[in-house]
Amino acid sequence: MNTKRNSLILLFILSISLPQSVLAIQKGKIAGAVTELASGRKLAGVNIQIEGTVLGASSDNEGNFIIRNVPIGSYILKATMIGHRPARIADVRVEAGKTSQVELKLEETTIDFDPVIVTANKTRKELDLTPNSVSVISAPAIKERSPLRVEKVLEAIPGVNFVREQVNIRGSTGFTIGAANRTLLLVDGVPVMTSDTGQFNWDLLPVLDIDQIEVVKGAGSALWGTSALGGVINIISKEPTERGKTQVRLTAGEYGQPRYEDWNWTNMPLQFGRIDVSHSRRVGPVGFRFSLGRHVSTGYTEVGDFKRFNATGKLNYYYKNGSTWTLYAAYNYSGGGIYVGWDDPQKPFQVKPANRKSRGEIKMGNFYTKYNWIISPKAALKFRLSYLMSLMGNQFVQSTDFNPARGLGAEIQGEWLPFSGTEITYGSELKWDTGSTKYFGDHKGYTIGLYGQAENRIRNNLRLTTGLRYDRYQLIDGLSQSLLSPRLGINYKPFESTVLRASAGSGFRAATIAERYLNFESSSVVVEANPDLKAETCWSYDLGWRQYVTSNWYVELGAFRNDFDNLIEIDLRQSEIQFAKDIRVAVRFQNLLEARIQGLEFTSSGHWWNDRLRLMATATLLDHKDIATGKPLTYRPDLIAFLNPSLHVGSWELHADYRYASRIEAVKLFQYDDRVPQKVWNFRLIYHLANIDFQMAINNAFDYYYTEIERSMGEIRNYTLSIIGEF
């Protein structure tokens, strides 16, 4: 009996161990080194991917990498790194139990013409293989601009402009007085819009920490759900570096005096400054990055001063099979004056005496953790938990008037490559929002989303993308709504230097808690609640053509159309407000508009004369109107343009930026106030000395005066000196 039992046990052990052993023998490894083509130096932090699989690795301090558990067969290996052209090696053969050695050489480039992006498809994909209109700006280009805040980076992206701090992608948002936004903002693919007002804080992520910013234009709800009505902005933070690296940036600046003596409102110097410090390194399987920043300013207007502080931290754990675990946290504090607009046009930098003590503050914290699990060479799962907290307040209220708005999020995303040329992305997302103040009460709501997308390579130069997402939005004890968001896209490369794309998709934005329930009364404004607001919806259509004229120069043309339904706008029920100086306005958010925004977009970027001369030029022409009345939409220009020529000689760089936005034809208030187009020139001189960059800049160099909204002057001429060091 014992002999029989022992035989059965032995048979069982063999049955579970032999297949594993056989499986192990059927796999091998790919290992190698990555160097720079011209200099021969070893490159750390290069991303190496086996095409047609989810397997990959990154190079270490010595430029070496290893990819384990690769099934036997023949593969194409691709290496990508910001500031370098992608490199491919074909026919890399993997044999059972052996290690295949390869060597990759990357060519340095100043402009990433075909960067790897993640936002358009929720997976890594070259820009030229996506059906969407996407613009990208990477860390080297951001460093050249040395912006103090993120929105100054976004001004260089085609089709993007700002009305105060509200971002517009191809005119999608206009100006909503801080109650909502029709662009979804992400940090590392995680939504960071506040749960009560749907706004975002541009100081939550310091510029020094940004690796790349991706802007997807047009409705993106088929993958991203609510708020992706006009587009998606994904700010991707830097990964921990293989070698220890410390970065320091010091900036000091001063505003000039107003051109006219009567406009002077103070004798004190108007100054600003910022300091940022970050450190990053990797020790074995653990990588970490942390940063601190401080930004202060007197402002250039009365009650325009502020103090801001931010801290971020990122921790990665790298498993041998290619899986990764990430923990991220960020905190920001911002406090200062609230400039509400001038009272007297002869004193445009001053406010009413009653508003001279207007002050406010906001505290915001962002946390997420992710686990990327490599299940097999053809399948992976990503798990995400996130938490966002924001707390607003001002000096007029008690501490109990505002409570933190909290947003909890969770997502499971799968990536599956069932057949050659087919990639499937699928997942489920949950978001829980709470908001509570005495001005709109205590409210809660949640959104559940299910999505799926398939990309099929019909031929090597032709790809078809289809997708669909279902979202259920539910306010506790309130309105509920279900929405379907389909998507269709085509990418076609008839020639190696030509990319054609077309896409159509649906988007939506559920009304925020503030829009539905805000209810208060002041001396000049009465705001009424409207809990029955429906979600805004949109259909987007986009055509594009990118042509590489040479290996260093491309031209891109696009045509787009967005049809909006149930747009939420402020209903101002006082027709004569433009004639009154002291007004009392009744305000209510309502689903007022069916609207259409269509237009053309042009982009060209290149470098010549052995990379000494570079030029980027963009222009976006907008035709926007209310379908019912035929009138233009408020706070949208008809033309947005940006020009950035630069000269690079030895250790010196000279940059110029010209930003243009045509005169806004329609506004909500003070319609008879003078309005002019934006015409702003900025100049920068950069000197490189070893690991330190010195930058001098004149912003709004010709001291051009303009308003973005009524009775609120744009930033006046100012001078900055920045020192950026890497050690």
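The values are calculated or read from the model by the stated rules, or taken from the named source; none is laboratory data. Just so you know, these numbers come straight off a predicted model, no measurement behind them. When we count neighbours, we look across all protein chains shown, and the Cβ atoms used for this are built from the backbone with ideal geometry, even at glycine.
Observations on the structure shown:
- Long-range neighbours under 6 Å by Cβ, at least six apart or interchain, first residue within 10 Å of W202 (Cα to Cα) and in the same structural domain as N699 (by TED's automatic domain parsing) within the stretch 145-157, second of a type in the set (F, W, Y) and part of a loop (DSSP other than H, G, I, E, B): R149/W202; V150/W202; E151/W202
- Looking at G253, G293, just one residue is outside any loop (DSSP other than H, G, I, E, B), in contact (Cβ under 8 Å) with a residue 60 or more places away in the chain and farther than 30 Å from V190 by Cβ, and that residue is G253.
- Positions within the stretch 462-495 being closer than 20 Å to R546 by Cβ and either within 23 Å of the chain's Cα centre (by Cα) or touching a residue at least 24 places away in the same chain (Cβ under 8 Å) (or both), in sequence order: L462, R463, L464, T465, L488, G489, I490, N491, Y492, K493, P494
- Beta carbons closer than 9 Å, at least 6 apart along the sequence or on distinct chains, pair a first residue in the stretch 496-507 that is on the phi < 0 side of the Ramachandran plot and in the same structural domain as E455 (by TED's automatic domain parsing) with a second that is assigned to a strand (DSSP E or B) and among the acidic types (D, E) for V499/E556; R501/D542; A502/D542; S503/D542; A504/D542; G505/D542; G507/E536.
- Screening D203 against (1) touching a residue at least 40 places away in the same chain (Cβ under 8 Å); (2) surrounded by fewer than 18 Cβ atoms within 10 Å (Cβ to Cβ); (3) among the acidic types (D, E) leaves a single unmet condition, (2).
- Residues that are aromatic (F, W, Y) and part of a helix (DSSP H, G or I), drawn from the stretch 190-236: W224
- Among the residues of the stretch 482-503, those that are farther than 28 Å from Y451 by Cα and either in a strand (DSSP E or B) or touching a Gly at 6+ places or on another chain (Cβ under 9 Å) (or both) comprise P494, F495, T498.
- Residue satisfying all of: in the stretch 683-702; at pLDDT 95 or above and either of a type in the set (G, A, S) or under 22 Å from Y339 (Cβ atoms) (or both); surrounded by the fewest Cβ atoms within 10 Å (Cβ to Cβ) among these: A701
- Residues considered: F349, F306. Of these, the only one that is among the aromatic types (F, W, Y) and either out of contact with any Gly (no Cβ under 7 Å at 6 or more places or on another chain) or outside the structural domain of P206 (by TED's automatic domain parsing) (or both) is F349.
- Taken over the stretch 389-412, the criterion of being at pLDDT 95 or above and either touching a His at 6+ places or on another chain (Cβ under 6 Å) or crowded, with 17+ Cβ neighbours inside 10 Å (or both) is satisfied by G409, E411.
- From the list I137, I76, I72, the one residue that fits, being surrounded by fewer than 16 Cβ atoms within 10 Å (Cβ to Cβ), modelled with pLDDT of 90 or more and farther than 15 Å from I48 by Cα, is I72.
- Exclusive hit being more than 30 Å from Y554 (Cβ to Cβ), in contact (Cβ under 8 Å) with a residue 40 or more places away in the chain and of a type in the set (V, I, T), set T618, T634: T634
- Tally, over the stretch 237-250, of residues that are in a loop (DSSP other than H, G, I, E, B) and either among the charged types (D, E, K, R) or at positive phi (or both): 4
- Boolean, Y339 is in the same structural domain as W263 (by TED's automatic domain parsing), at pLDDT 95 or above and aromatic (F, W, Y): no
- Residue match in the stretch 698-719 (condition: within 27 Å of the chain's Cα centre (by Cα), more than 30 Å from G171 (Cα to Cα) and assigned to a strand (DSSP E or B)): no
- Taken as a whole, the structure places Q346 among residues that are more than 32 Å from the chain's Cα centre (by Cα) and surrounded by fewer than 16 Cβ atoms within 10 Å (Cβ to Cβ).
- Only one entry in R259, R274 is assigned to a loop (DSSP other than H, G, I, E, B), of a type in the set (K, R) and in the same structural domain as N366 (by TED's automatic domain parsing), namely R259.
Matching residues to (1) free of Cβ contacts under 8 Å to residues at least 12 places away in the same chain; (2) more than 24 Å from V207 (Cβ to Cβ); (3) not charged (D, E, K, R):
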residue: P285; (1), (2), (3): no, yes, yes
residue: T301; (1), (2), (3): no, no, yes
residue: R308; (1), (2), (3): no, no, no
residue: Y319; (1), (2), (3): no, yes, yes
residue: T324; (1), (2), (3): no, yes, yes
residue: R359; (1), (2), (3): no, yes, no
residue: M364; (1), (2), (3): no, no, yes
residue: K370; (1), (2), (3): no, no, no
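- Scan of the stretch 436-461 for residues that are under 26 Å from T123 (Cα atoms), free of Cβ contacts under 8 Å to residues at least 60 places away in the same chain and part of a strand (DSSP E or B), ordered by number: Y446, I448, L450, G452, A454, N456, R457, I458, R459
- Exactly one residue among D196, D209 is in the same structural domain as P404 (by TED's automatic domain parsing), in contact with a helix residue (DSSP H, G or I) (Cβ under 8 Å, 6 or more places away or on another chain), surrounded by 22 or more Cβ atoms within 10 Å (Cβ to Cβ) and among the charged types (D, E, K, R), and that residue is D196.
- Condition check for L633: surrounded by 20 or more Cβ atoms within 10 Å (Cβ to Cβ), more than 27 Å from D114 (Cβ to Cβ) and touching a His at 6+ places or on another chain (Cβ under 8 Å): yes
- Residue within the stretch 434-443 that is surrounded by 21 or more Cβ atoms within 10 Å (Cβ to Cβ) and modelled with pLDDT of 95 or more present: no
- Taking the stretch 90-113 as the range and being free of Cβ contacts under 8 Å to residues at least 60 places away in the same chain and surrounded by fewer than 19 Cβ atoms within 10 Å (Cβ to Cβ) as the test, the residues that pass are A90, D91, R93, T109.
Matching residues to (1) at pLDDT 95 or above; (2) among the hydroxyl-bearing types (S, T, Y); (3) closer than 24 Å to R359 by Cβ; (4) under 22 Å from the mean Cα position of the chain (by Cα):
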{"position": "M268", "(1), (2), (3), (4)": "no, no, yes, no"}
{"position": "V303", "(1), (2), (3), (4)": "no, no, yes, no"}
{"position": "T312", "(1), (2), (3), (4)": "yes, yes, no, yes"}
{"position": "G322", "(1), (2), (3), (4)": "no, no, no, no"}
{"position": "T326", "(1), (2), (3), (4)": "yes, yes, no, yes"}
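- If the condition is being touching a residue at least 40 places away in the same chain (Cβ under 8 Å) and over 27 Å from the mean Cα position of the chain (by Cα), then the stretch 669-694 contributes L669, F670, Q671, Y672, D673.
- Residue, nearest to F694 (Cα to Cα), within the stretch 627-663, restricted to residues that are charged (D, E, K, R) and within 28 Å of the chain's Cα centre (by Cα): E653
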